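First comes the structure, then the notes that go with it.
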Amino acid sequence: MAQPMTHEPEVLVVGAGPAGLTAATYLGRFRRRVLVADGGAPRACWIPVSHNMPGFPRGITGDAILARMRDQAVEYDAVIEPGRVEALARDGDGFVARLNGRDIRIRAVLLATGVVDHHPDLPGVQDAVKRSLVRICPICDAYEAIDKRVAIIGKDDLGVREAAFMRTYTDQVTLIHIGPAEALTERAALDRLGVTLVEGSIDDVELQDDYVRALCWGGQVHAFDMIYSALGTTPNAELAEALRAETTDDDLMKTDAHQATRIPGLYAAGDVVLGLNQIAVATAEAALAATAIHNRLREQDGWTV
Ligand SMILES: Cc1cc2nc3c(=O)[nH]c(=O)nc-3n(C[C@H](O)[C@H](O)[C@H](O)COP(=O)(O)OP(=O)(O)OC[C@H]3O[C@@H](n4cnc5c(N)ncnc54)[C@H](O)[C@@H]3O)c2cc1C
């Protein structure tokens, strides 16, 4: 028997990045009425060109990935509404969400809210990210840094770990530590790895064309081909916290193998979940979550054996 289709959504997906849009496609194809709340500026829109996105051997921009994913979700009748979900509460065995001034009752929710990057305090940094001069994600694009002069800006041992990661790509790695001295506990590793350490604030930065950047501190000028920021991220986990879903000390969400949180009907996928911040991971988690949501609703409606 076909399910009745009305305009009331059954599932709310919070976030229209790769995770949220993939889940919307799956849910649409499961014939679920799905509403995607689109808070804007997904992390993926910062990607100048991704070279590790499966199926795109010559690379694809973040904007193009997102446009294709939106098209696909809309193709299967997902409704994408601009706006941020301001509040989310349990309501019987479902939820009520506040979006654009109205309360929406839904049966299940997927949080695909992502994280926000901490950019270094450099003039023109946002433009520099879009031009690949300032980079965020060595797992994504260290391959394009082979044999280049790389600077990593860090404020704690995350900077040391990123410097170590970069060393298998280039022997010209400098860690610029801008945090307090005591936050750097892995100094010995830098010597062993052959990483140059510079401590102190960055006085000035010049981002030139697309090949050489110069950082100046202590009166010296240092040139690099690219800068990696290792300043971390903040998860968009306020809605999860309000529901008392389980999170790590860093506010990343914890889920089971089907992306379910400990709140019945609440699922999470993508960067906001503890794990590797990659599109392939976000889309895989979204597929798992969407399928688990569909199965949960089928079971509630008696469509299982
Ligand atoms: C410069 C850069 C380069 C990268 N390169 C690559 C790469 O080459 N390959 C790769 O695999 N990954 C890359 N990544 C990582 C990739 O962008 C992320 O892993 C991916 O975007 C995660 O998808 P997501 O859907 O979880 O989160 P996002 O893409 O961040 O989307 C989350 C969305 O949720 C929205 N949101 C948050 N709260 C709310 C709310 N309350 N209501 C409504 N909406 C809300 C946000 O506004 C945002 O639009 C890169 C990241 C950066 C910054």
Quiz prompt | Meets criteria (more than 6 Å from the ligand (Cβ to nearest atom), closer than 18 Å to residue 109 by Cβ, exposed (fewer than 14 other Cβ atoms within 10 Å of the Cβ) and not assigned by TED's automatic domain parsing to the domain that holds residue 126) for residue 89 | solution = yes
Within the range 22-42, residues being in a helix (DSSP H, G or I) and either away from the ligand (no atom under 14 Å from the Cβ) or in contact with an Asp or Glu (Cβ under 6 Å, 6 or more places away or on another chain) (or both) number 3
Counting only residues in the range 267-296 that are within 20 Å of residue 55 (Cβ to Cβ) and not in a helix (DSSP H, G or I), the one nearest to the ligand (Cβ to nearest atom) is identified as 270
Checking 215, 252, 266, 243 in turn, the sole residue that is within 29 Å of residue 196 (Cα to Cα) and surrounded by 15 or more Cβ atoms within 10 Å (Cβ to Cβ) turns out to be 215
* Somewhere in the range 103-118, is a residue surrounded by fewer than 14 Cβ atoms within 10 Å (Cβ to Cβ), assigned by TED's automatic domain parsing to the domain that holds residue 274, among the small types (Gly, Ala, Ser) and within 14 Å of the ligand (Cβ to nearest atom)? -> no
Conditions (1) within 9 Å of the ligand (Cβ to nearest atom); (2) in contact (Cβ under 8 Å) with a residue 12 or more places away in the chain; (3) not polar (S, T, N, Q) -> residue 59 fails only (2)
| Within the bounds of the range 189-206, is there any residue that is without any contact (Cβ under 8 Å) to a residue 24 or more places away in the chain, surrounded by 13 or more Cβ atoms within 10 Å (Cβ to Cβ) and of a type in the set (S, T, N, Q)? | yes
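The values are calculated or read from the model by the stated rules, or taken from the named source; none is laboratory data. These numbers were taken from a predicted model, which means no experiment stands behind them. As a convention, Cβ positions derive from the backbone with ideal geometry for all residues, glycine included, and neighbour counts pool all protein chains shown.
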